[in-house]
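**Q** Sharing a structure below in structure tokens format, with a few things to ask.
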Amino acid sequence: MGDTEKIETVTGRSARGSSRRKPKNSQLPYAIVLIALVGALSWFLDQRDNGTFWLLLTGLAFGYILQRSRFCFTASMRDPYLTGSTTVTRAVLVAFAITTIGFTAIKYGYFINGLPIPGMSYVVPISFATIAGAILFGIGMVIAGGCASGTLMRFGEGFQMQFLSLIFFIIGSLWGAHDFGWWKYHFISKGKSIFLPDYFGWLGAVVLQLFIIFLLYIAAEKYQEVKSNH
Amino acid sequence: MSQFKDTMVKISENEFYKKWLRIAWPYLTGAILLSLFQIVTLATTGNPWGVSGVFANWGAWIYEAFGGNVDKWYYFSSPGAQTTLNNGFINDSGTWRNIGIILGALLAVLLASQFKLKKLKSTKQVIAAVLGGTLMGYGARIAFGCNIGALFSGIASLSLSGWVFGAAMFIGAVIGSKLLVKFFM
Amino acid sequence: MKEVILDCFGEACPIPLVKAQNKIKELEIGDILIVQIDHSCAMKNVPDWAREDGHNVEVEEIDDGEWEVIIEKVK
């Protein structure tokens, strides 16, 4: 991916387009000011001793990584259909695989020591509400040009549009929270939470899941080959 | 002052600077580093990464600031949810993580010297943002999260719900793509 | 041989990419398509797609956070 910039330097002074080129500037001073402000903010949070400063730091890391690698969960779902590319989709699958291994290692460590397994609140009941909610979410993120993390990231990048969608994301969340009781009563309470190790054992669950991710990866690669040959 | 500016411009044209702060990483680098911080997050906080649950709390705080009351809502009725709301946003770690994502992205673009304010340019964009944002918010609440909490963290937690969410979200993304091409381009 | 400018300033993904894909189909071999972009993600996926498709691609940063992706249609 680095060649993008290399080509830029080679042709930077080419005749084409140079008329629209503006004088060079640097935003580094602003970056230094921001680093100072963030440092002060994390110091302030650290003083409160409630663990929030650590979450601020991981948030900074997530935001920096998302922006710098242009990682986009929306693109991973949208591009296969819209543009025929599965590059981002495959990167997301790799993330799923690595995180599965890391998470399972931690969870298994707690399990084998007879401790309560962490993060089990993310194993949630499967019901019609899961499907309906996911479809609504899928439509929304493509139209708004970013999912939850993507909206936050693009707001940071200076998009007014994603700032607006963030506001309505909050309004929609409040609306959803308001109706949650209805969904819970009619659908969610009838759904079942399925933790794969309960059915396949710890090793079986990990192997099965990694195998499925591997198959999806191969399928994604083949899909892009077929699409780009047209 | 202009000498300072010249130095900064010189730094931004330095190859070493470009390599470390400017050139976009491959998607795979992003995948590996995000996974690393996901694992770090579970190990240190006892919970995976989530984003959109926090937005419901933000909504509740704003609603209460305007005189509303969510105490009777089933969603906020659990003792845990009540404690979070009563402690306020300054003590809510999820809030600070989301603010961190915004600031981290801003820092990345400023360090790369690529920041630009992108104004809303058409009514189409306004409608897309309003509609898309609302759909995402509502959908995430009834499905227990967004593509981070319900999908990424769900699948990595070996929960079948993550896979179901992913399959349905893919259908939603196809419908969304059709709508986007037809109405919002 | 002609040069076409596609103004995608202020557009978020995937609009610049889809517009560029549609536009390049209308062009003749040897024509130049210049896509103006200010979205850092599109600055990656538009050139990636164009290279994958086999065209000649150059990226030029014309201002902080503004790029021109110059695509020469070769097939």
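The values are calculated or read from the model by the stated rules, or taken from the named source; none is laboratory data. Worth saying up front: this structure is predicted, and the values here are computed from it rather than measured. Methodologically, a virtual Cβ is constructed for each residue, glycine included, from the backbone with ideal geometry; neighbour enumeration extends over all protein chains shown. The area values use the complete protein model at the heavy-atom level, side chains included, leaving out ligands, DNA and RNA. Shrake-Rupley method; radii C 1.70, N 1.55, O 1.52, S 1.80 Å.
**Q** Using DSSP loop states and a limit of at most 16 other Cβ atoms within 10 Å to flag trypsin sites (Lys or Arg not before Pro), what is the longest stretch of chain B containing no flagged site?
**A** By the stated rule (loop sites, at most 16 other Cβ atoms within 10 Å), B:1-71.
**Q** For chain A, what is the calculated [θ] at 222 nm in deg cm²/dmol (nearest 500), taking -39500 (n - 2.57) for each run of four or more DSSP H residues and dividing by its residue count?
**A** It comes out at -25000 deg cm²/dmol, rounded to the nearest 500.
**Q** Ok, one more. Can you send over the solvent-accessible area of A:ILE131, 1.4 Å probe, protein chains only, in Å² to the nearest 10?
**A** Using a 1.4 Å probe on the heavy atoms, I get roughly 70 Å².
**Q** From the phi of every residue in region A:38-53, what ³J(HN,Hα) in whole Hz does the Karplus formula 6.51 cos²θ - 1.76 cosθ + 1.60 yield, where θ is phi - 60° and glycine or proline is x?
**A** 5, x, 5, 5, 6, 5, 4, 5, 4, 4, 6, 6, 10, x, 5, 5
**Q** Ok, one more. For chain B, what value does the Rg/Rh ratio take when both radii are computed over Cα atoms and Rh is the Kirkwood radius, given to two decimals?
**A** Numbers: Rg = 20.4 Å, Rh = 19.9 Å.
Dividing the radius of gyration by the Kirkwood radius yields 1.02.
**Q** Spin-label point model (7 Å from Cα, Cβ direction): what's the B:GLN82 to A:ILE32 distance in nm?
**A** 5.2
**Q** If you don't mind, another one. Scan around A:ILE126 for amide H atoms under 5 Å from its own, H built in the peptide plane at 1.01 Å from N, and keep only partners 5 or more places away or cross-chain.
**A** Long-range HN contacts for A:ILE126: A:LYS192, A:SER193, A:ILE194.
**Q** Normalised by the empirical 2.2 N^0.38 Å for globular proteins, what value does the Cα Rg of chain A take?
**A** 1.28
**Q** What total accessible surface area, summed over both chains, is buried at the interface between chains B and A, computed with a 1.4 Å probe and given in Å² to the nearest 100?
**A** It comes to approximately 12400 Å² buried between B and A.
**Q** What percentage of all Cα-Cα pairs in region C:3-72 are separated by more than 15 Å?
**A** Every Cα pair in region C:3-72 considered, those over 15 Å come to 43 percent.
**Q** List the aspartates and glutamates whose Cα sits under 19 Å from the Cα of B:LYS119, skipping any in the same chain fewer than 8 residues away.
**A** A:GLU157, C:ASP7, C:GLU11, C:ASP38, C:ASP63, C:ASP64, C:GLU66, C:GLU68
**Q** While we're here: Need one number: nm distance between label points at B:LEU28 and A:ARG21, each 7 Å from Cα along Cα→Cβ, rounded to one decimal.
**A** Those two pseudo-labels are separated by 3.3 nm.
**Q** Could you give the nm distance between label points at A:PHE111 and B:VAL181, where each point is 7 Å from its Cα heading toward the beta carbon?
**A** For the pair A:PHE111/B:VAL181, the computed spacing is 4.3 nm.
**Q** Using θ = phi - 60° and the Karplus form 6.51 cos²θ - 1.76 cosθ + 1.60, what ³J(HN,Hα) does each residue of region B:71-76 get, whole Hz, x for Gly and Pro?
**A** Going residue by residue, I get 4, 7, 6, 4, 4, 9 Hz, with x marking Gly and Pro.
**Q** Say the cut-off is 22 Å between C-alpha atoms; which of A:LYS24/B:LYS19; C:LYS2/C:LYS23; B:LYS118/C:LYS73; B:LYS19/C:LYS73; C:LYS2/C:LYS73 go over it?
**A** As for pairs spanning more than 22 Å Cα to Cα, those are B:LYS118/C:LYS73; B:LYS19/C:LYS73.
**Q** Next question, about the same structure. Provide the gained length on full extension for the span A:ASP179 to A:ILE218, in nm with one decimal, where the gain is 0.36 nm per separating residue minus the Cα-Cα distance. The partial results should precede the final answer.
**A** On the way: separation 39, 0.36 × 39 = 14.04 nm, distance 4.01 nm.
So the extension gain works out to 10.0 nm.
**Q** Can you list residues from other chains, or at least 5 along the same chain, whose modelled amide H is less than 5 Å from the amide H of C:ILE62?
**A** C:TRP67, C:GLU68
**Q** Would you tell me the accessible area of C:HIS55, worked out with a 1.4 angstrom probe on the heavy atoms of the protein chains, in Å² to the nearest 10?
**A** 10
**Q** How much length is gained if the chain between C:ASP31 and C:GLU3 is pulled fully straight, taking 0.36 nm per residue apart and subtracting their Cα-Cα distance, in nm to one decimal?
**A** Contour length minus the Cα-Cα distance gives 9.5 nm.
**Q** Helix A:128-144 versus the longest principal axis of chain A: what angle, 0 to 90°, nearest 10, using Cα atoms?
**A** Helix A:128-144 sits roughly 0 degrees off the main axis of chain A.
**Q** Same structure again: Take every Cα-Cα distance within region A:134-218, group them into 5 Å bins from 0 onward, and report for each bin the whole-number percent of pairs it holds.
**A** 3, 12, 13, 12, 12, 15, 16, 13, 4, 1
**Q** Taking B:LYS178 as the anchor, which lysines have their alpha carbon closer than 16 Å to its alpha carbon, excluding any fewer than eight residues away along the same chain?
**A** Result set, ordered by chain and number: B:LYS124, C:LYS19.
**Q** Quick one: the Cα spread of the protein assembly as shown along its three principal axes, in angstroms, biggest first?
**A** 67, 55, 45
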